[in-house]
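Accompanying notes for the structure given below.
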Amino acid sequence: MTAMAHEPLTQEEVLLEGFLALDTPEGFRAELIEGEIVVTPPPDGDHEDYIGLIVNQVIRGSRTEMQFSGNKGLKLRGGGECPRNHVIPDGTFAPMELRLYRGADSWMPCEGVAMVLEVTSTKPKADREVKRRCYARAGIPLYLLVDRDTAQVTLFSEPKQDDYREHCARPFGKPITLPEPFAFELDTSDLV
């Protein structure tokens, strides 16, 4: 009987395997972001209220019929020596005609996603910086950030490499224009 030699796993492979084997408590979510495992508790009611208000407007006002998924796992390109990022946005929008979520695995590629939505909670710096870089690196066209600490909504657009080239920030109460394929003004007055 001979034993087969196995190639040793790289640090990135060990990290990814450990992440994928996690069994988080109900309601918690785990993400692998730039080589770090991040576990967040269930969101509070205001967090969910903001998401609901935005989703309702997008579904009603978007020029292109949109499909929405809350907390959909996305596999994104990693940066440098990091394994692929496994990120769970608060919301993911894709054109309905793509039926992007049908048959998708728990962690799906992000091709076809039109916009991701994040509402700041326990780790606002991750939403403002780290996730922004991850979404830009993956080429997601639009990133809408609702920042509860600063009371503003920011739309990041034109991804290039590790960041977005454009951004537009509006205080709660002021409308913000969502470009094609949405093509409407998002009213933020209910966020005040």
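Of the trypsin sites (Lys or Arg not before Pro) in the range 1-110, which ones lie in a loop per DSSP and count no more than 15 other C-beta atoms within 10 Å? Intermediate values should be presented prior to the final figure.
On the way: sites: Arg29, Arg60, Arg63, Lys72, Lys75, Arg77, Arg84, Arg99, Arg102; in loops: Arg63, Lys72, Arg77, Arg84, Arg99, Arg102.
Counting only loop positions with at most 15 other Cβ atoms within 10 Å, the trypsin sites (Lys or Arg not before Pro) in the range 1-110 are Arg63, Arg77, Arg99, Arg102.
Given a 1.4 angstrom probe, what's the average accessible area per residue across the range 1-142, in square angstrom?
Values: 7870 Å² over 142 residues.
With the other protein chains kept in place, the range 1-142 gives 55 Å² per residue.
What is the percent carbon and sulfur in the accessible area of the chain, measuring with a 1.4 Å probe over the protein chains and ignoring ligands? Provide the component values of the computation, followed by the final result.
Working: 5110 of 10490 Å².
C and S fraction of accessible area: 49 percent.
Amide hydrogen proximity for Asp90: with H placed 1.01 Å from N in the peptide plane, the residues at 5 or more positions away or on another chain lying under 5 Å are Leu117, Val119. Summary value for the range 124-183: 27 percent relative contact order, contacts being C-alpha pairs under 8 angstrom separated by 6+ residues.
Computing FRET efficiency as 1/(1 + (r/R0)^6) for Glu185 and Trp107, where r is the C-beta to C-beta distance and R0 is 25 Å, gives about 0.15.
Can you match Kirkwood radius over Cα pairs in Å to one of these, (i) 18.6; (ii) 18.0; (iii) 17.5, based on a calculation from the structure here? Label (iii) holds the value from this structure.
Which parts of the range 93-124 would a label at Ile59 reach, counting a residue when its backbone N lies under 14 Å from a point 7 Å out along Cα-to-Cβ? Of the residues in the range 93-124, 93-94, 96 have backbone N under 14 Å from the label point off Ile59.
Would you please name the GluC sites (Glu not before Pro) within the range 61-131 that are DSSP coil residues with at most 14 other C-beta atoms within 10 Å of their C-beta?
Numbers: sites: Glu65, Glu81, Glu97, Glu111, Glu118, Glu129; in loops: Glu65, Glu81, Glu111.
Counting only loop positions with at most 14 other Cβ atoms within 10 Å, the GluC sites (Glu not before Pro) in the range 61-131 are Glu65, Glu81, Glu111.
Normalising the average separation of contacting C-alpha pairs (under 8 angstrom, six or more residues apart) by the number of residues puts the relative contact order of the chain at 16 percent. The modelled label-to-label distance between Ala30 and Asp149, using points 7 Å beyond Cα along the C-beta direction, is 2.6 nm.
The values are calculated or read from the model by the stated rules, or taken from the named source; none is laboratory data. As the structure is a computational prediction, the values presented were derived from the model and not from experiment. Here the Cβ is made from the backbone with ideal geometry for all residues, glycine too, and neighbour counts use every protein chain on show. Note: areas computed on protein heavy atoms with side chains; ligands, DNA, RNA excluded. Shrake-Rupley method; radii C 1.70, N 1.55, O 1.52, S 1.80 Å.
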